[in-house]
1. So how many residues does the range 1-45 have that are among the small types (Gly, Ala, Ser) and within 23 Å of Arg91 (Cβ to Cβ)?
2. Answer yes or no: is there a residue in the range 50-66 that is among the aliphatic types (A, V, I, L, M), in a loop (DSSP other than H, G, I, E, B) and within 27 Å of Arg10 (Cβ to Cβ).
3. Condition check: within 21 Å of the chain's Cα centre (by Cα) and farther than 22 Å from Ile74 by Cβ. Does Ala159 satisfy that?
4. So which residues in the range 45-90 are more than 30 Å from Glu156 (Cβ to Cβ), open to solvent by 30 Å² or more (accessible area, probe 1.4 Å) and either touching a Leu at 6+ places or on another chain (Cβ under 9 Å) or basic (Lys, Arg) (or both), if there are any at all?
5. Just name the residue that is modelled with the lowest pLDDT out of those in the range 17-43 that are more than 19 Å from the chain's Cα centre (by Cα) and either among the basic types (Lys, Arg) or open to solvent by less than 60 Å² (accessible area, probe 1.4 Å) (or both).
6. If you go through the range 136-147, how many residues are under 27 Å from Ala76 (Cβ atoms) and exposed (fewer than 15 other Cβ atoms within 10 Å of the Cβ)?
7. Against the definition (open to solvent by less than 60 Å² (accessible area, probe 1.4 Å), of a type in the set (A, V, I, L, M) and closer than 24 Å to Thr77 by Cβ), how does Ile2 come out, yes or no?
8. List every residue pair whose Cβ atoms sit under 9 Å apart, with the two residues 6 or more apart in sequence or on different chains, where the first one lies in the range 115-137 and is at negative phi and part of a loop (DSSP other than H, G, I, E, B) and the second, anywhere, is of a type in the set (Phe, Trp, Tyr) and open to solvent by less than 40 Å² (accessible area, probe 1.4 Å).
Amino acid sequence: LIESMLFGHRKGTFTGAMADHEGLIRAAEDGTLFLDEIGDLPLPLQPKLLRFLQEGEIHTLGERMPRKVNVRVIAATHKNIEDLVRDKVFREDLYYRIAALTVKVPPLRERPEDISTLISYFLTHYARRNDRAIAGITWEAIRILEEHNWPGNVRELAAEIERLVLY
């Protein structure tokens, strides 16, 4: 399923393939594809992703000939990829291909100074998305949120702010 989502498929290639699907990589042609949680990518799919990154071509399921594509890839994960490589669950050659430029972002609990900015952004975002008028948030509430450990990182903060907007 992940392979089909990324590389696309032709109608009839497998049970349930009722129509052609171009895939996320082709849909991102001449743009950027964001691969979130690449550390969870199944090992059998990793060589196919590596080929795409190295050769700039993909094999759509059900097609014989590869297609050239021009896509910039940004990948993220919360896992330590070096550990995954050592444990043989992530290909070393794929790691070196995606690690050309690495930006390590510390967890939210290590950068509480970012929390008030994120709160402001998420309040605006979720208020618009849910058609709600939100006047703001008290300094006391911000202080409480800054003191939280945030084991779920920014996603947990976003979910909490969305919950606040909805209630």
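1. Matching residues across the range 1-45 total 5.
2. Yes, the conditions are met somewhere in the range 50-66.
3. yes
4. Pro47, Lys48, Arg51, Leu53, Arg64, Arg67, Lys68, Lys88
5. Once the filter is applied, the top-ranked residue is Ala17.
6. Total satisfying the criteria: 1.
7. For Ile2, the condition - open to solvent by less than 60 Å² (accessible area, probe 1.4 Å), of a type in the set (A, V, I, L, M) and closer than 24 Å to Thr77 by Cβ - is not met.
8. Arg132/Tyr126; Ile134/Tyr126
The values are calculated or read from the model by the stated rules, or taken from the named source; none is laboratory data. What you see is a predicted model, and the numbers here were worked out from it, not measured in a lab. FYI the Cβ positions are ideal-geometry reconstructions off the backbone, even for glycines, and counts take in every protein chain you see. The protein model used for the area step is the full one, side chains on, heavy atoms only, and it has no ligands, DNA or RNA in it. Shrake-Rupley method; radii C 1.70, N 1.55, O 1.52, S 1.80 Å.
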